[in-house]
1. Filter the stretch 18-47 for residues that are under 12 Å from the mean Cα position of the chain (by Cα) and of a type in the set (Asp, Glu) and give the result.
2. Pairs under 6 Å by beta carbon, first residue of a type in the set (D, E, K, R) in the stretch 15-35, partner open to solvent by less than 80 Å² (accessible area, probe 1.4 Å) and in a helix (DSSP H, G or I), six or more apart or different chains?
3. If I filter the stretch 48-75 down to residues being open to solvent by 60 Å² or more (accessible area, probe 1.4 Å) and either within 23 Å of Ala118 (Cβ to Cβ) or of a type in the set (Phe, Trp, Tyr) (or both), which single residue comes out as nearest to the chain's Cα centre (by Cα)?
4. If we only count helices (runs of 4 or more DSSP H) wholly inside the stretch 10-116, which ones have 1 or more residues that are touching a strand residue (DSSP E or B) at 6+ places or on another chain (Cβ under 8 Å) and aliphatic (A, V, I, L, M)?
Amino acid sequence: MSVEILDWCELHRAPESSRERHFRLPHADPPDIVIASDCIYNPALIPAFVATLCHYAQAGRTVAIIVVELRASDVVQEFLTAWRADGCWEIWRLEGGEDRGWLGVDFAAWVGWKVMEARA
């Protein structure tokens, strides 16, 4: 297991051709799983978050679990649209029980499986 500090905006600003060189994980293998919790709240960060998720995930290997607090449905919809945009992911919404809130907070969760690499 590895936990890393990462500035999504810095990765997003970097040219795609240099991302592999400058934004490597400390170990050689791509992650098997990426877990992101409560990262979708500011629409300005969505492109950087999706670019980072796509950069580190490997097709046929990486599963992403994304859990968000439901603050604004338009922001969540914008995130889902951006995540699906390159066509590289299969995405499923996880359904909760009758009480979908946790500690009094409404949330939603998705699992994504990267099925192919982005087309150049």
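1. Initial filter on the stretch 18-47 (under 12 Å from the mean Cα position of the chain (by Cα)): 33-40, 45-47.
Asp38 - this is the single residue of the stretch 18-47 that is under 12 Å from the mean Cα position of the chain (by Cα) and of a type in the set (Asp, Glu).
2. Cβ pairs passing all conditions: Arg19/His55.
3. Gln58
4. Those helices (runs of 4 or more DSSP H) span 46-56, 73-84.
The values are calculated or read from the model by the stated rules, or taken from the named source; none is laboratory data. Source: prediction; values computed, not measured. As a convention, Cβ positions derive from the backbone with ideal geometry for all residues, glycine included, and neighbour counts pool all protein chains shown. Surface areas here come from the heavy atoms of the whole protein model, side chains and all, with no ligands, DNA or RNA. Shrake-Rupley method; radii C 1.70, N 1.55, O 1.52, S 1.80 Å.
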